[in-house]
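We did not get these values from a lab; they are worked out from the coordinates using the rules stated. Predicted model only: the values in this text are computed from it and were never measured. For neighbour counting, all protein chains shown are included, and Cβ atoms are generated from backbone atoms with ideal geometry for every residue, glycine included.
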Amino acid sequence: MKSYRLAIFDWDGTIMNSEARIVDAIKMAARECGLNILPDEVNKQIIGLSLDKAILGLYPDLSQEMVVKMAEAYTRSFLEDSDVHMVPFDGAEALLYGLRQSGFKLAIATGKSRKGLNQVLKECGFGVYFDMTRTPVESASKPDPLMLHQILEQLDVPVEEAVMIGDTTFDMEMAQNCGMDRIAISHGVHHMHQLEAFDPVAKVDSLGELMQFLMTHAPRV
């Protein structure tokens, strides 16, 4: 049976149940910038992209000046102004702890900003579990596979011994573009029928199911 040495996680919608907080911050920022407030279902589809790409995905006719203004408003809204609570999905810390105990290296590949990721990792205390994290600030936005290539190189793990876990088509396409196995999880943003198009090696509905799968593919001692 195939084993993995490295598990790479998306953050929002995979580890952290932050969809409502992100959508609320998008709407707050749009209101501040005088833009039309889009439906929640539309707003959540861009979760996982870098902030500039996400904004242009929602408002493709914005000038660069307005993209910057919207990005600043969103960051402030998400980090400081939104009162929508967000928590890790059930079993998140048990999963990360168990994988480390079983010999996995762990990394994050996220569309969040570096500032946003650092803050949320500090708040939830999960930073200690990860060997490396990558954001579009020091890399490229999904589905470009640069984040994954950087992680593989720095942690010295061949692509065939790594797996990407995510809840969006951006995660699945990024891994596919890298030639990396991928696991689709259904409790996030995109529907499983969207993720299935990228031939994931496993489809799970919870972090508990993910734990069961990964433990059967743990590093060989």
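Looking only at residues that are among the basic types (K, R) and out of contact with any Phe, Trp or Tyr (no Cβ under 8 Å at 6 or more places or on another chain) in the range 67-113, which one is farthest from L6 (Cα to Cα)?
So the first thing to find is which residues in the range 67-113 are among the basic types (K, R), and the list is 69, 76, 100, 105, 112.
Still in the list and also out of contact with any Phe, Trp or Tyr (no Cβ under 8 Å at 6 or more places or on another chain): 69, 76, 105.
Working: K69: 37, R76: 33, K105: 5 Å.
Per the stated criteria, the residue is K69.
Would you pick out the residues in the range 138-184 that are surrounded by fewer than 22 Cβ atoms within 10 Å (Cβ to Cβ), of a type in the set (A, V, I, L, M) and closer than 12 Å to L49 by Cα? Across the range 138-184, the qualifying residue is only A140. Exactly one residue out of V204, V189, V163 is over 21 Å from I46 (Cα atoms), in contact with a strand residue (DSSP E or B) (Cβ under 7 Å, 6 or more places away or on another chain) and in contact (Cβ under 8 Å) with a residue 40 or more places away in the chain, and it is V163.
What residue, among those in the range 108-124 that are in contact with a strand residue (DSSP E or B) (Cβ under 9 Å, 6 or more places away or on another chain) and not in a helix (DSSP H, G or I), is surrounded by the fewest Cβ atoms within 10 Å (Cβ to Cβ)? Of everything passing the filter in the range 108-124, I108 is surrounded by the fewest Cβ atoms within 10 Å (Cβ to Cβ).
If you go through the range 145-165 one residue at a time, do you hit one that is under 22 Å from V87 (Cα atoms) and not in a loop (DSSP other than H, G, I, E, B)?
Filtering the range 145-165 for residues under 22 Å from V87 (Cα atoms) gives 164-165.
Those still in the list that are not in a loop (DSSP other than H, G, I, E, B) too: 164-165.
Yes, some residue in the range 145-165 is under 22 Å from V87 (Cα atoms) and not in a loop (DSSP other than H, G, I, E, B).
Within the span defined as the range 61-76, every residue fails to be out of contact with any strand residue (DSSP E or B) (no Cβ under 8 Å at 6 or more places or on another chain), without any contact (Cβ under 8 Å) to a residue 40 or more places away in the chain and surrounded by 19 or more Cβ atoms within 10 Å (Cβ to Cβ).
So in the range 77-101, with the set limited to residues that are farther than 19 Å from T14 by Cβ and not charged (D, E, K, R), which one is surrounded by the fewest Cβ atoms within 10 Å (Cβ to Cβ)? Walk me through how you get there before you give the answer.
Taking the range 77-101 and keeping what is farther than 19 Å from T14 by Cβ, we get 77, 79-83, 101.
This time we only want the ones that are not charged (D, E, K, R), so: 77, 79, 82, 101.
On the way: S77: 21, L79: 14, S82: 21, Q101: 9.
Step by step, filter the range 77-101, then rank; the result is Q101.
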